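Everything on this sheet refers to the single structure shown next.
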Amino acid sequence: MFLTRSRCICNILCFIGEPVVLPGNIALFENITGEDVTRLLSCLGITQKKYQKGEIVIAQGSVVDSIGIVVAGHIQISRNDYDGNRIILAEFGISSIFAESFVCAGLSRSPVSVVSTENSSIVFLPFARLMTSCESACSFHRQLIVNLIRLVAQKNLMLNSRLEVCSRRTTREKVLSFLSLEAQKAGIKEFKIPYTRAELADYLAVDRSALSRELGAMQEDGIINYDKNLFIIS
């Protein structure tokens, strides 16, 4: 696993400006030691940027050539359809990576928007340099590519889960499918979801008023209980 020795962590980012503590549980660096991560990131020539809450990290249609790592904060992935309606695709917090599927697929422009939903710090890894081994052909660089392939596969499985939710015919079926998946992730029947009502409606692709009515009806029927974003499945 990626070793979280503080001395190595601080040294990782000192060459790109203000030192930042890099989370020690980043799956992209699994089975790579902290010392090797330092060497690897120096070789890749990473950049670090900070974003305010609500600021756009990647605009839909903009050029994308790097993989992002959330060092601090939280981001939301969405896209606008032909009519301008927002569709929320995913949310990611600290240690998560994003944009890897787009750059791996060879897309020159992003099909989605990435917005910082909190004050965030993002580290960007240039994809071209990531996929090209250095002259030393270091084993940890090869491990990085193996990790990346696994993460892309896992992200595809996550998107398939969202398709399963949104393919349900009724609003109630969509809500139940979504909440069931969230309960499975939490491992308990009481959990918090990462969306406001408006965001949940965008995620499920349903009308916000219809969603609110259905949640109220489900609570009256004893199927769920909720308070804001805290839910309990009966």
(message) Contact list please: Cβ distance under 8 Å, first residue in the range 149-162 and over 19 Å from Glu173 (Cβ atoms), second residue among the β-branched types (Val, Ile, Thr) and at pLDDT 90 or above, pairs at least six apart or on different chains.
(response) Leu151/Ile97
(request) Specify which of the listed residues (Phe140, Phe127) is under 18 Å from the mean Cα position of the chain (by Cα) and touching a residue at least 12 places away in the same chain (Cβ under 8 Å). (result) Phe127
(message) Looking for something touching a residue at least 60 places away in the same chain (Cβ under 8 Å), under 30 Å from Tyr82 (Cα atoms) and not in a helix (DSSP H, G or I) - is there at least one such residue anywhere in the range 170-188?
(response) no
(message) Out of the residues in the range 196-230 meeting the condition of being of a type in the set (S, T, N, Q) and surrounded by 11 or more Cβ atoms within 10 Å (Cβ to Cβ), tell me which one is nearest to Leu163 (Cα to Cα).
(response) Thr196
(request) Assess whether Ile193 counts as being outside the structural domain of Arg79 (by TED's automatic domain parsing) and either surrounded by 15 or more Cβ atoms within 10 Å (Cβ to Cβ) or over 19 Å from Glu91 (Cα atoms) (or both). (result) yes
(request) Identify all residues within the range 201-230 that are within 15 Å of Ser177 (Cα to Cα) and either in contact (Cβ under 8 Å) with a residue 60 or more places away in the chain or assigned by TED's automatic domain parsing to the domain that holds Leu159 (or both); write none if there are none. (result) Tyr203, Ala205
(request) Name the residue, out of Val146, Val115, that is modelled with pLDDT of 85 or more, among the aliphatic types (A, V, I, L, M), in a helix (DSSP H, G or I) and not assigned by TED's automatic domain parsing to the domain that holds Phe178. (result) Val146
(request) Within the range 77-112, track down each residue that is over 12 Å from the mean Cα position of the chain (by Cα), not in a loop (DSSP other than H, G, I, E, B) and not β-branched (Val, Ile, Thr). (result) Arg79, Asn80, Arg86, Phe102, Cys104, Arg109
(request) Could you list all residues from the range 215-234 that are of a type in the set (A, V, I, L, M), within 25 Å of the chain's Cα centre (by Cα) and in a loop (DSSP other than H, G, I, E, B)? (result) none
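The values are calculated or read from the model by the stated rules, or taken from the named source; none is laboratory data. On a predicted model such as this, the values are computed, not experimentally measured, just so you know. All Cβ positions, even for glycine, are placed from backbone atoms using ideal geometry, and neighbour counts span all protein chains on display.
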